[in-house]
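Okay, so here's the structure we're looking at.
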Amino acid sequence: MQSTFVLTAVAMLAFAANSLLAREALGTVSIEAAGYTAVRIVSGAIVLYALMRRGGTALRSDRQAALPGDWWAAAALFVYAIAFSAAYLSLGAATGALILFSSVQASMLAFGLLRGDRPSLREAIGFAVAFAAFVYLILPGVGRPDLGGSLLMIASGIAWAVYTLRGRGSRDPIGETAGNFVRASAFCVPLAVFAVLYETTTMTGLALALGSGIVASGLGYSIWYRALRGLTTFRAALIQLSVPVIASLGAILFLDEQLTLHFVVAGAFVIGGIAFAILAKQQRQT
């Protein structure tokens with residue numbers, strides 16, 4: 001139990017770190033979105049592949065696949081990563097994390113509805129509150145986040161939800177994640193070429209992208225999958241709502257971001273509404 005708590009805490013810090021690293025790199029124009037995405041995915045693929053091989057995951061020699069995972073999941077991973085990077089050209093770290101994880105939860109809810117999972121009244125109220133607060137957060141106006149960046153982060157969240165759903169019931173989560181990262185690296189070839197020809201990358205930007213790929217993504221995802229062994233789906237969903245809070249604290253401490261009253265109020269209602277709905281669903285299922 002204690003090891004699960006430690007692993008979960010480290011994983012949430014890694015998820016929040018992805019937002020902080022991206023904002024620091026892209027917000028200061030140390031590196032552009034194409035180059036950042038390419039470095040992040042390729043370096044993450046190298047680390048995850050090494051972890052997969054060390055863990056004994058065997059490569060299959062049949063014609064179906066040379067690696068675990070699949071191309072649809074890899075495509076979703078790539079869309080998540082490139083939209084994530086592009087969004088952080090104009091969003092703050094805290095705002096981006098809130099929009100991302102809210103979009104993930106909303107997408108998962110929509111998937112459940114399409115499967116015929118009808119929400120209870122309490123669940124509907126919780127998500128209605130969260131949605132209203134979310135709209136209030138991103139509507140244009142003074143102090144509101146950039147609408148274009150917000151839409152890109154919503155797309156990133158939807159893509160991450162699709163990637164998560166593709167991996168449900170995985171028998172080899174580390175192996176499949178490694179395979180998906182390796183496949184996603186193929187989509188990064190045009191990005192890498194574009195970055196070399198048209199972008200200017202500093203050593204600081206490169207270091208931040210490597211930190212995101214190797215530590216926050218590669219090692220962070222592997223730690224999260226280990227933590228999931230000791231967590232129920234309910235707890236895993238609820239715990240991830242801590243990421244925007246952690247990212248907000250990190251943005252204040254390390255990026256000198258000033259959180260507005262508008263963001264604090266909207267964020268509290270978004271996270272509170274989603275948490276209320278998740279709790280209601282858990283009670284309905286028990």
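A few remarks follow.
- S120 of a type in the set (S, T, Y), closer than 30 Å to L279 by Cβ and within 18 Å of the chain's Cα centre (by Cα): no
- Meets criteria (of a type outside the set (V, I, T), at pLDDT 95 or above and more than 24 Å from V193 (Cβ to Cβ)) for L51: no
- Test: residue in segment 75-88 that is at pLDDT 90 or above, over 21 Å from T164 (Cα atoms) and of a type in the set (S, T, Y): yes
- Reported count of residues in segment 235-274, each being surrounded by fewer than 16 Cβ atoms within 10 Å (Cβ to Cβ) and among the aromatic types (F, W, Y), is 1.
Residue-by-condition table, conditions (1) modelled with pLDDT under 90; (2) of a type outside the set (K, R); (3) under 18 Å from L26 (Cα atoms):
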| site | (1), (2), (3) |
| --- | --- |
| D146 | yes, yes, yes |
| M153 | no, yes, yes |
| R168 | yes, no, no |
| S217 | no, yes, yes |
| R229 | yes, no, no |
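- Among the residues of this structure, L238 does not count as one that is in a loop (DSSP other than H, G, I, E, B) and not charged (D, E, K, R).
- Given (1) closer than 22 Å to V129 by Cβ; (2) crowded, with 17+ Cβ neighbours inside 10 Å; (3) among the β-branched types (V, I, T), number of the condition I223 does not satisfy: (1)
- Hey, S107 within 17 Å of A83 (Cβ to Cβ), surrounded by fewer than 21 Cβ atoms within 10 Å (Cβ to Cβ) and either of a type outside the set (V, I, T) or under 19 Å from the mean Cα position of the chain (by Cα) (or both) or not: yes
- For S30, the test of being surrounded by fewer than 24 Cβ atoms within 10 Å (Cβ to Cβ), not in a helix (DSSP H, G or I) and not acidic (D, E) is passed.
- When we screen L231, L191 for residues that are farther than 28 Å from F5 by Cα and more than 14 Å from the chain's Cα centre (by Cα), the only hit is L191.
- Answer from A277, A216 - the residue that is part of a helix (DSSP H, G or I), surrounded by 22 or more Cβ atoms within 10 Å (Cβ to Cβ) and more than 20 Å from the chain's Cα centre (by Cα): A277
The values are calculated or read from the model by the stated rules, or taken from the named source; none is laboratory data. Please read these numbers as outputs of a predicted model, since none were measured by experiment. With ideal geometry, Cβ positions are generated from the backbone for all residues, glycine too; neighbour counts draw on all protein chains shown.
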